[in-house]
Amino acid sequence: MNFKIDDQKIKDIEKVLNCKFTKRGNQYRTVLYNEESQRKLTLEIYPDIAIGKKEGNLVSVFTSSAHAQLHFCSGFVASEMLGEVTFVGEHGGHLSGIIIEKDAAFSIYSNVDNDLLTEDFTKLGPEVMLSGIALSLAEHLLDENIQK
């Protein structure tokens, strides 16, 4: 795995999500609150940990009604304009991602065909279009990982 999550990358995430991470050992943890909607989201990032017999980055999200994980996170895009961070992992021509919003919400997309990111979204059904649009922000990361 070439992608490393370090203190500078955590600062980039903090800036977009308007939060502060606490570091404990090899874990970064923050809690996002949205007073208006009464939402609370906990985000944990574990760089270079053992995942089975391999090592990789793990992103965990906890809310009052859900828990989601992205194993082997291979990159992220922090968008100040959108107020969100898109974490992605790619395997076998498919992309999975967790999108964290600064307003304490998240979305998850799993096993999306990489080719979908370059499709003409107007020709896709709305139930398929959303995942392609949401993850297309990270399309350049796929090219970077292929080149390495």
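The values are calculated or read from the model by the stated rules, or taken from the named source; none is laboratory data. Predicted model, so just to flag it, every value in this text is computed and none were measured. All Cβ positions, glycine included, derive from the backbone under ideal geometry; neighbour counts span all protein chains shown.
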Counting only residues that are more than 13 Å from the chain's Cα centre (by Cα) and within 21 Å of Val16 (Cα to Cα), which one in the range 84-117 is surrounded by the most Cβ atoms within 10 Å (Cβ to Cβ)?
Ala104
How many of the residues in the range 11-55 are over 13 Å from Phe106 (Cβ atoms) and part of a helix (DSSP H, G or I)?
6
Here are Val77, Val85: which of them is modelled with pLDDT under 95, on the phi < 0 side of the Ramachandran plot and of a type in the set (A, V, I, L, M)?
Val77
Per the list (1) over 16 Å from Ile100 (Cα atoms); (2) touching a residue at least 40 places away in the same chain (Cβ under 8 Å); (3) surrounded by 10 or more Cβ atoms within 10 Å (Cβ to Cβ), residue check on Ile49 breaks on (2)
Would you confirm, using the coordinates I've provided, whether Gln8 is out of contact with any Pro (no Cβ under 6 Å at 6 or more places or on another chain) and assigned to a helix (DSSP H, G or I)?
yes
Within the range 42-65, which residues are of a type outside the set (S, T, N, Q) and touching a Phe, Trp or Tyr at 6+ places or on another chain (Cβ under 6 Å)?
Ile45, Gly56, Leu58, Val59, Val61
Answer yes or no as to whether Gln69 is surrounded by fewer than 15 Cβ atoms within 10 Å (Cβ to Cβ) and either of a type in the set (S, T, N, Q) or assigned to a loop (DSSP other than H, G, I, E, B) (or both).
no
Criterion first (within 30 Å of Val128 (Cβ to Cβ), touching a residue at least 12 places away in the same chain (Cβ under 8 Å) and basic (Lys, Arg)) does Arg29 satisfy it?
no
Which numbered condition trips up Leu41, out of (1) in contact with a strand residue (DSSP E or B) (Cβ under 9 Å, 6 or more places away or on another chain); (2) at pLDDT below 95?
(2)
